[in-house]
Amino acid sequence: MHIAIQGEPGSFSHEAALKFCPEATILACALSPEVFSAVGEGRVDAAVIPIENSLAGSVVEHYDLLLTHDVSVERELLLRIRHNLIAVPGSSINQIHRVYSHPVALAQCRRFLEQHPQIEAIPFYDTAGSVKQLVELRDRSSAGIASAQAAIHYGGEILAAEIEDNPENYTRFFLVRRRQEVAVDTAADKVSLAFTVENRPGTLVAALQIFANQGTNLTKIESRPVHGKPWQYVFYADYQLSTPNSADAAWSMLARHCSMVKELGRYRSGKREG
């Protein structure tokens, strides 16, 4: 299987893709729209995208892209995020004066950085990209914060493992395919969808009441502005199925109350990995 990801090889998205499909060939894309275009144009079989981090919140751009592309979520994965201090092989922590990583990763390792005040934290565009750069430059005074997969991919050495502040750090990933290629999973127990309501009193309450009436557990709701229509919003919701037929029933009832309803995927709830 060929899978597109956003970011450099060795990223957490790369790690998640290999959890979904250990034999996958990875296409690394610089930007998320490129990932979705690769799927839509058939240049890859699927994409793996982060949709939500348990500490940093939602990846809102990916909600927008799921709505505007003819794709569907096929599977879900909850990946434990383990940050590691990675350097050129043979380096020691005492030699490190600068550490590069994505701003979110740096923020999630504050305690480690406070314990090593001689190390200056410098924001970088990508976790795995920081390791790629320092290995290419053979810079023994610098390190990166990234996944163990980045150390493996670029030949770096882990100087300190699992330096994240909070061990309950998980990122939820979706495996996304072209809609017509996603087979119906009779064991699916979760649905993601998007809907819009008219801007008048009570419409959102009426929509949410549908989930309650169906006995479904609404696990997440997120609002995003409608592009080109100020102060109008799309609502993204995830809910667990009470019965196999409840997904269709909820969708049918929502369609009566909402100006737009789109199912983004029907899949099995992801298990914690890593």
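The values are calculated or read from the model by the stated rules, or taken from the named source; none is laboratory data. Bear in mind the structure is a predicted one, so any value in this text is a computation, not a measurement. Reconstructed Cβ throughout: ideal geometry from the backbone, glycine too, with neighbour counts over all protein chains shown.
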**OP:** For region 219-259, name all the residues that are under 18 Å from G202 (Cβ atoms) and either surrounded by 15 or more Cβ atoms within 10 Å (Cβ to Cβ) or under 26 Å from the mean Cα position of the chain (by Cα) (or both).
**Re:** I221, S223, Q232, Y233, F235, A237, M253, L254, H257, C258
Original post:
Restricting attention to region 126-138, does a residue exist that is among the basic types (K, R), within 26 Å of F173 (Cα to Cα) and either in contact (Cβ under 8 Å) with a residue 12 or more places away in the chain or surrounded by fewer than 21 Cβ atoms within 10 Å (Cβ to Cβ) (or both)?
Top reply: yes
**OP:** Evaluate region 173-181: report whether one residue or more is out of contact with any strand residue (DSSP E or B) (no Cβ under 8 Å at 6 or more places or on another chain) and loosely packed, with under 12 Cβ neighbours inside 10 Å.
**Re:** yes
Original post:
What pairs can you find where one residue is in region 27-41 and within 17 Å of S11 (Cα to Cα), the other is of a type in the set (S, T, N, Q), and their Cβ atoms are less than 6 Å apart, with a gap of 6+ or different chains?
Top reply: C29/Q6; S32/Q6; V35/Q6
Original post:
Which of (1) modelled with pLDDT under 90; (2) more than 23 Å from V35 (Cα to Cα) does A183 not meet, given it meets every other one?
Top reply: (2)
**OP:** Residue by residue through region 1-55, note down the ones that are under 18 Å from R172 (Cα atoms) and charged (D, E, K, R).
**Re:** E15, K19, E52
**OP:** Name the strands (runs of 3 or more DSSP E) wholly inside region 1-115 in which the number of residues that are in contact with a Phe, Trp or Tyr (Cβ under 8 Å, 6 or more places away or on another chain) is 1 or more.
**Re:** 2-6, 46-53, 71-80, 84-87, 98-101
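Conditions tested, residue by residue: (1) at pLDDT below 95; (2) farther than 20 Å from C29 by Cα.
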{"position": "K132", "(1), (2)": "no, no"}
{"position": "D139", "(1), (2)": "yes, yes"}
{"position": "A143", "(1), (2)": "no, yes"}
{"position": "E157", "(1), (2)": "no, yes"}
{"position": "P167", "(1), (2)": "yes, yes"}
{"position": "R172", "(1), (2)": "no, no"}
Subject >> Top-ranked residue of region 134-164 - restricted to ones that are of a type in the set (S, T, N, Q) and closer than 28 Å to S54 by Cβ, ranked as farthest from the chain's Cα centre (by Cα) >> reply: Q149
Subject >> Elements of type strands (runs of 3 or more DSSP E) in region 191-274, at least 2 residues being of a type outside the set (S, T, Y) and farther than 16 Å from T68 by Cβ >> reply: 217-225, 233-240
